[in-house]
């Protein structure tokens with residue numbers, strides 16, 4: 001039911017993330033060795049990479065850059081602070097405080113699919129945080145390649161494309177199967193709540 005490749009230079013953390021996902025029926029390859037990750041990545045063909053932002057071997061940005069450049073696989077980063085961990089090409093950020101509930105949700109969407117969301121926000125650069133009504137399901141995604149993979153396996157009621165208007169016109173054609181909205185900037189009480197009424 002799908003594979004996840006976890007890379008973390010602290011074995012205890014890698015094992016903890018692996019156990020979380022294995023409970024959900026996801027096959028996991030976890031390593032604290034970056035050399036092993038580069039050696040086995042192609043033959044394992046995971047559905048999702050998970051990297052902890054505190055990886056020191058090699059430098060975090062070098063590792064993320066390598067994964068983004070060499071693989072089309074969606075990439076989730078576990079972090080304390082999204083701004084500090086930000087890197088172009090990362091699909092999802094999972095806050096360390098939310099890892100128990102969010103990591104399984106993101107991995108399940110790519111490995112098992114069949115999830116239904118009210119709203120998917122494609123946002124190349126993170127803007128403000130906001131809350132939705134309790135009954136509304138929402139996922140934020142930051143990478144176009146990952147958004148396509150996500151939509152092949154899951155259903156969404158609407159997609160918000162947070163970008164300039166020219167980019168919106170280009171991207172909305174790629175998501176013709178779903179209702180799309182142009183979102184220039186979202187605030188806590190702004191566009192998104194109006195869209196989801």
_Among (1) out of contact with any helix residue (DSSP H, G or I) (no Cβ under 7 Å at 6 or more places or on another chain); (2) modelled with pLDDT under 75, the one test that residue 179 misses_ = (2)
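Given the structure, is residue 94 under 18 Å from residue 139 (Cβ atoms), part of a strand (DSSP E or B) and assigned by TED's automatic domain parsing to the domain that holds residue 20?
Values: under 18 Å from residue 139 (Cβ atoms): yes; part of a strand (DSSP E or B): yes; assigned by TED's automatic domain parsing to the domain that holds residue 20: yes.
For residue 94, the condition - under 18 Å from residue 139 (Cβ atoms), part of a strand (DSSP E or B) and assigned by TED's automatic domain parsing to the domain that holds residue 20 - is met.
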*asked:* Take the residues in the range 48-70 that are assigned to a helix (DSSP H, G or I) and within 16 Å of the chain's Cα centre (by Cα); name whichever of them is surrounded by the fewest Cβ atoms within 10 Å (Cβ to Cβ).
replied: 65
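For the condition outside the structural domain of residue 123 (by TED's automatic domain parsing), free of Cβ contacts under 8 Å to residues at least 12 places away in the same chain and in contact with a strand residue (DSSP E or B) (Cβ under 7 Å, 6 or more places away or on another chain), what is the one hit in 19, 102, 39?
The match here is 102.
Quick one: which residue in 109, 76, 30 is farther than 16 Å from residue 147 by Cβ, buried (at least 20 other Cβ atoms within 10 Å of the Cβ) and either without any contact (Cβ under 8 Å) to a residue 60 or more places away in the chain or within 15 Å of the chain's Cα centre (by Cα) (or both)? Give the steps one after another, and end with the answer.
On the way: 109 fails: farther than 16 Å from residue 147 by Cβ; 76 fails: farther than 16 Å from residue 147 by Cβ.
Result of the check over 109, 76, 30: 30.
Yes or no: residue 120 crowded, with 22+ Cβ neighbours inside 10 Å and within 17 Å of the chain's Cα centre (by Cα)?
It is true that residue 120 is crowded, with 22+ Cβ neighbours inside 10 Å and within 17 Å of the chain's Cα centre (by Cα).
The values are calculated or read from the model by the stated rules, or taken from the named source; none is laboratory data. Bear in mind that the values here come from a model prediction, so they are computed numbers and not experimental data. Backbone-built Cβ (ideal geometry, glycine too); neighbour counts: all protein chains shown.
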